[in-house]
Amino acid sequence: APACGWLWWALLTAFALAPVACVPALPDTKTQYGVMIDAGSGGSRAHLFQWETRRFSSLPPSLSVPLTSVAWTEKVTPGLSAYWQYPRAVTTVLSSLIEWVKDQLKAEKKWWHYYPIYLKATAGLRELEAGPRAGIMKVIRAW
């Protein structure tokens, strides 16, 4: 029983300290960015958003409101659903959108790996049958 008690406290201490060592550093910038790709039936649009970096140093943490503009939107056609016969081709479309985002954020290159990218598959992909839709999404997830 004493050995189990020692092991319990050792594990508890290790788990309590682990998050401190594993938390990645936030970008040392005032502003953060994120991308939402709207994969619609008529085309795919990359929307670039920015918001003030949130520091969770107080409770409750301060709120930050994402901002964007028409200038921070890029559209390519056709929509991803048009590639249902050649799902691997969607990576070309997505790559062109991501290259556009990178071009907009050249000065932030050091922090690119922190910026989230979300894909919202709207009507175009939802209208496909399950097999072709799954094929496209499989390629996107692997990409």
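The values are calculated or read from the model by the stated rules, or taken from the named source; none is laboratory data. All values derive from a computational prediction rather than experimental measurement. Only protein heavy atoms, including side chains, enter the accessible area calculation; ligands, DNA and RNA are left aside. Shrake-Rupley method; radii C 1.70, N 1.55, O 1.52, S 1.80 Å.
What the table below lists for this structure:
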quantity	calculated
Surface share of carbon and sulfur [accessible, 1.4 angstrom probe, percent] for the stretch 51-123	58 percent
Share of Cα-Cα pairs in the stretch 30-143 lying beyond 19 Å, as whole percent	50 percent
Proximal lysines to Lys109, defined as alpha-carbon separation beneath 25 angstrom and excluding residues fewer than eight positions away on the same chain	Lys30, Lys75, Lys120
Convex hull of the stretch 89-142 built on C-alpha atoms - directionally averaged projected area, nm²	4.3 nm²
